[in-house]
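Just below is one structure, and these are the notes that go with it.
The values are calculated or read from the model by the stated rules, or taken from the named source; none is laboratory data. From a predicted model like this one, the values you see are computed outputs, not experimental measurements. Cβ coordinates were reconstructed from backbone atoms using ideal geometry, including for glycine residues, and neighbour counts include every protein chain displayed. These accessible areas exclude ligands, DNA and RNA; they are computed on the full protein's heavy atoms, side chains included. Shrake-Rupley method; radii C 1.70, N 1.55, O 1.52, S 1.80 Å.
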Amino acid sequence: MSGDSIRRRFLDFYAARGHKVLPSASLVPDDPTVLLTIAGMLQFKPIFLGKVPRQVPCATTAQRCIRTNDVENVGRTTRHHTFFEMLGNFSFGDYFKKDAIKWAWELSTVEFGLPAERLWISIYEDDDEAFEIWHNEVGVSIERIKRMGEDDNFWASGPTGPCGPCSELYYDFHPERGILNTDLGDDTRFIEFYNLVFMQFNKKDDGSLEPLKQKNIDTGLGLERMARILQKVPNNYETDLIYPIIEKISELANVSYSLADDHTKTSLKIIGDHLRAIVYLISDGVVPSNIGRGYVVRRLIRRAVRTGRLLGIRGDGVGNPEGAFLPVIAEKVIELSTHIDEDVKARAFHIMEELKREELRFVQTLERGEKLLNEMLAEALSSAQENGTVPCLSGKDAFLLYDTYGFPVEITKEVAEENGVHVDMNGFDIEMENQRRQSQAAHNVVKLVVGNDADLAENIPDTEFLGYDTLSARAVVESLMVNGKPVIQVSEGNDVEVLLNRTPFYAESGGQIGDQGFLYVTEGENGRSAIVEVKDVLKSFGNVFVHKGIIREGVIEIGREVEAAVDANMRQRAKVHHTATHLLQAALKKVVGQETSQAGSLVAFDRLRFDFNFHRPPLDTELEEIERLINGWIGDATILQTKVMPLADAKEAGAIAMFGEKYGEQVRVVEVPGVSMELCGGTHVGNTSELRAFKIISEQGIASGIRRIEAVAGEAFIEYINSRDLYMKQLCSTLKVKAEEVITRVDNLLEELRITRNEVSALRAKAATYRASIIASKAATIGTSRTIRVLVECMDDTDADSLKSAAEYLMDTLEDPAAVVLGSCPDEGKVSLVAAFSQGVVDLGIQAGKFVGPIAKLCGGGGGGRPNFAQAGGRKPENLSSALEKARADLMSILTEKAS
């Protein structure tokens, strides 16, 4: 049974039992407690917490997941992966333990045909209810039901919050070993393939358990594990989900997987696993970087590249020694993605380009690592020779090569041994374990908390949004909060958060900031008893709008009716900029390529910001063409069309989804006919002519492969142009030229300034040289048979360049051997130092670069340079005198010893 078939049959099985089939959530979760989507239940966390009402009583999904806490086990065990699919069925207060157990058994033994005698069950040691169901109702023999402790079979989201007992299904690969003294943790015999979590308690701060008001079911069946069982292969990697990728890698490495030794097979598995994770992460908008999710991708790419090089893959593996091999493998991953994520193929070009850039950049890093290794080995040999010890490369250095430069420790050991150097592998293992613990401790648990928020959410229904059709409406105050705590009323002068039953205010989402305006509490026909200035609106508890503001007049209390009025001017500014982002995306795709995709946005009142994936800066001519296109569309005065339709229909029609947004079954589609069609819940103009004009004000790179454009339209465009016009008028007045003559005048001024600076610099250097000629006579003489001249002096406020000229003059004036150290304080809070040693002094074993560093350190700075000449600086002028005294004393002492 193919992996795709297993996935489809699982979903169909639960769909036939009343479950709604929902799509996989993005690998980038809308949850600050986790870095990546690590479990199938993550997208349902708000429902489990009671923060949002359930949309369906039960659901089933095939969720794409990423876990990197056990990355060192990938390829080495039969079951560990960084990327995997978790098939799950979920109940939100609907069915519970009995149905979950019976269906899991039916799915396993009937739908997938697993022999009942090969299935073992684990339950929580105190869960007699689960035992009764498994034994008496399902018919599993007592011998094959194992009671386990809290560590194994009691699921908890954290120190507090939802929790409950688990029951797991295991497949027995070796039933011939009998039933006595069995250990379900024996990976050579058993594999856990289905986990049932009975979420029935809330753990309080004191550790006590209270029953949840709504009992839930959260399950997970590992697709790769079930494929291994049904396809009768020795490990997850040899299933049809992964093995075609491994075959492609084997082809590039010119090895046979079936004939390979264990070490080679492990390397092939690592690359196959990591490429799956990398492709789906990049497809979901994660780009390689040095922080957060980007670091996860970068680390996996680097691990795949260095493992490929261990296998002997060079270049692209198909004839181009300067090429990249990861994109070649990624083609196979993308080919297999159809039933996992249909969007991957549409993003193939972007994925390939990102992989190519990152791999080629990292290959250069690896080569630098080779150079550093050679330096480390030379240092280890030199140190051992001086101290009479065995040459050894420290574990810290080996780990630095591994972690920073991606240099495989196997190669480090091999090269070191060739040079007669031992590697401290114990030290390396300690460093590796420290990193592993840090990685495992970070973002590895889905944290849930049941508290006041959940109680509040139960009493507050979703806010009805009226803002597409009106900017003012009557509404009722459902709840008030101050500093996040519920209150009954709030008086004048206090910050407040107001929850209404209905509102015309747009809440921040989809990149568009929240509306501003006022809430008026009225008494009688004309009187206003309270005014709340609304400064921002956010969404919380799912779809509850939180109006954040300050009480300007009176008192507001729960249950009062208010007039909610949006600031029309601010809303228009936001509408203009939101529509402009749609036009900008369309223009980008038209001008620089269809492979560009949105990577974030900001729709503000004063500007718009649009982030997009692209591998190079757009040319000036391209930016001009983008502006020309957009302003042309504005001039066309096209009427926008807005429709609500099923998500599948919208995608089929070609609507573009915004990066990072989640969509329900029914979506809002905003179309500029002939130009743009996007899924969008934001507010927009009715006609493109309302944008008036569009202007790009900046373009820059913000991360590897991510560009950012900032632009203005509408009223913000007018303000921008007016401010620039004012600056130009002031500039023309100052320079006393016309606007068209400004550039020529500025160029002339810059040339005059350059000439003047050169003249000043030459005069300063001449003055410094003159002063040097005066102090040359102060040089001290050391030695008898061979005299050495030493000069250490302060040259007051001489600048760094002139100080250098003075030192060069002195080296030409004083006979070899000679040593000169000069210092000055050219500006407030600044020290300059220069050291110049003749060849005769350098030959004595004294280097200017090494000598000047400690002296500069006394002045709060540092520096260095060549053996014969070095410069340094500092931030403590008050220490210059004592630093020069030390320099003089050290030079005299060292050179006296050398001269004798």
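Pulled fully out, how much extra length does the chain show between residue 755 and residue 741, if you take 0.36 nm times their separation in residues and subtract their Cα-Cα distance? Provide the component values of the computation, followed by the final result.
Working: separation 14, 0.36 × 14 = 5.04 nm, distance 2.16 nm.
Value of the extension gain: 2.9 nm.
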Short to long, in 5 Å steps from zero, the percent of alpha-carbon pairs of the stretch 10-110 per bin is 2, 12, 19, 20, 19, 14, 10, 3, 0
Taking a crude spin-label model, label points 7 Å out from Cα along the C-beta direction, the residue 555 to residue 641 distance in nm is 5.5
Using a 1.4 Å probe on heavy atoms of the protein chains only, the accessible area for residue 204 in Å², nearest 10, reads 80
Once phi for every residue in the stretch 851-862 is put through the Karplus expression 6.51 cos²θ - 1.76 cosθ + 1.60 (θ = phi - 60°), the whole-Hz ³J(HN,Hα) values, with Gly and Pro written as x, are 6, 6, x, x, 5, 5, 4, 5, 9, x, x, x
Of the candidates 701, 765, 744, the farthest towards the positive dipole end of the stretch 679-787 (Lys/Arg Cβ +1, Asp/Glu Cβ -1, centred on the Cα centre) is 765
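Using only helices, what value at 222 nm comes out for the chain when you add -39,500 (n - 2.57) per DSSP H run of length 4 or more and divide by the total residues, to the nearest 500 deg cm²/dmol?
Working: 24 runs with 342 residues, N = 900.
The per-residue figure over the chain is -12500 deg cm²/dmol.
Quick one: plug the Kirkwood hydrodynamic radius of the stretch 601-688 (C-alpha pairs) into Stokes-Einstein at 25 °C, 0.890 mPa s, and report D in µm²/s.
Working: Rh = 14.8 Å.
Result for D is 165 µm²/s.
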The farthest towards the positive end of the charge dipole of the chain, of the residues 849, 351, 47, given +1 on Cβ of Lys and Arg and -1 on Cβ of Asp and Glu, is 849
For the chain the mean separation of alpha carbon contacts under 8 Å (6+ apart) over residue count, i.e. relative contact order in percent, is 7
For 846-856, 176-186, ranked highest to lowest by mean beta-carbon neighbours within 10 Å, the order is 846-856, 176-186
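For 376, 199, write out the residues from largest to smallest accessible area, computed with a 1.4 angstrom probe and no ligands counted.
Working: 376 25, 199 0 Å².
Ranked from most to least accessible, the order is 376, 199.
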To the nearest 20 debye, the stretch 277-417 has a Cα-centred charge dipole, built from +1 on Lys and Arg Cβ and -1 on Asp and Glu Cβ, of 180
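Output the relative contact order of the stretch 1-114, whole-number percent, from Cα pairs under 8 angstrom with separation of 6+ residues. Can you show the working numbers first?
Values: 141 pairs, mean separation 31.0, N = 114.
It comes to 27 percent, rounded to a whole number.
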Taking Cα atoms only, helix 262-283 is inclined relative to the longest principal axis of the chain by an angle, in degrees rounded to 10, of 80
Rounded to a whole %, the carbon-and-sulfur portion of the accessible area of the chain at a 1.4 Å probe is 48
Once 276, 771, 357 are ranked on solvent-accessible area with the largest value leading and a 1.4 Å probe, the list reads 771, 357, 276
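Rounded to the nearest 20 debye, what is the charge dipole size of the chain about its Cα centre when +1 sits on each Lys and Arg Cβ and -1 on each Asp and Glu Cβ? Write out the running numbers ahead of the final one.
Numbers: 102 positive and 133 negative charges, 304 e Å.
Roughly 1460 debye for the chain.
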Within the stretch 1-144, the percent of DSSP beta bridges that are antiparallel, given to the nearest 5, stands at 80
Taking placed amide H atoms and a strict 5 Å upper bound, the residues 5 or more places from residue 601 or on another chain that come that close are 611
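Mind jotting down a quarter of the surface of the convex hull over the alpha carbons of the chain, in square nanometres, one decimal? All intermediate terms of the calculation are to be shown ahead of the outcome.
Details: hull surface 205.6 nm².
Reported value for the Cα convex hull: 51.4 nm².
Please give me the summed charge of the neighbours of residue 529: other residues whose Cβ is under 9 Å from its Cβ, Lys and Arg +1, Asp and Glu -1. Please report the intermediate quantities before stating the final value.
Details: positive: 528, 560; negative: 523, 553.
Its environment carries a net charge of 0.
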Residues whose built amide H sits under 5 Å from the amide H of residue 693, excluding neighbours closer than 5 in sequence, are 714
Given unit charges at Cβ for Lys, Arg (+) and Asp, Glu (-), the dipole magnitude of the stretch 759-900 about its Cα centre in debye, nearest 20, is 300
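How large is the convex hull of the Cα atoms of the stretch 789-848 per residue, expressed in Å³ as a whole number? Spell out each step's value before the answer.
Values: hull volume 4.0 nm³, N = 60.
Dividing the Cα hull volume of the stretch 789-848 by its residue count gives 67 Å³.
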Sorting 811, 588, 404 by the position of each Cα along the dipole of the chain (Lys, Arg +1; Asp, Glu -1; all at Cβ), the one nearest the positive end of that ordering is 811
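With r as the distance between the Cβ atoms of residue 4 and residue 137 and R0 = 25 Å, compute the FRET efficiency 1/(1 + (r/R0)^6) and round to 0.05. Each step should come with its number before you reach the end.
On the way: r = 33 Å, r/R0 = 1.30.
Once the sixth-power term is evaluated, E becomes 0.15.
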Scoring only Lys, Arg, Asp and Glu (+1, +1, -1, -1) among other residues with Cβ under 14 Å from the Cβ of residue 9 yields -2
Expressed as a whole-number percentage, the relative contact order of the stretch 4-68 with C-alpha contacts under 8 angstrom and at least six residues apart is 45
For residue 155, the residues 5 or more places away or on another chain with a placed amide H closer than 5 Å to its own amide H are 164, 166
Sorted on mean Cβ neighbours within 10 Å (highest first), peptides 334-341, 646-653, 64-71, 255-262 come out as 64-71, 334-341, 646-653, 255-262
HN-Hα couplings for the stretch 243-248 via Karplus (6.51, -1.76, 1.60; θ = phi - 60°), in whole Hz with x for Gly/Pro, come out as 4, x, 5, 5, 4, 5
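Going by the alpha-carbon gyration tensor, a ≥ b ≥ c the square roots of its eigenvalues, is the stretch 280-360 rounded (a/c under 1.5) or, if a/c is not under 1.5, prolate (a/b greater than b/c) versus oblate?
Numbers: a/c = 1.98, a/b = 1.24, b/c = 1.60.
In terms of gyration-tensor shape, oblate.
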From highest to lowest solvent-accessible area (probe 1.4 Å; ligands, DNA and RNA excluded), 228, 609 read 609, 228
Once all protein chains are kept in place, residue 796 shows an accessible area at probe 1.4 Å, nearest 10 Å², of 90
By the mean-Cβ-within-10 Å protection proxy, highest first, 93-100, 462-469 rank as 93-100, 462-469
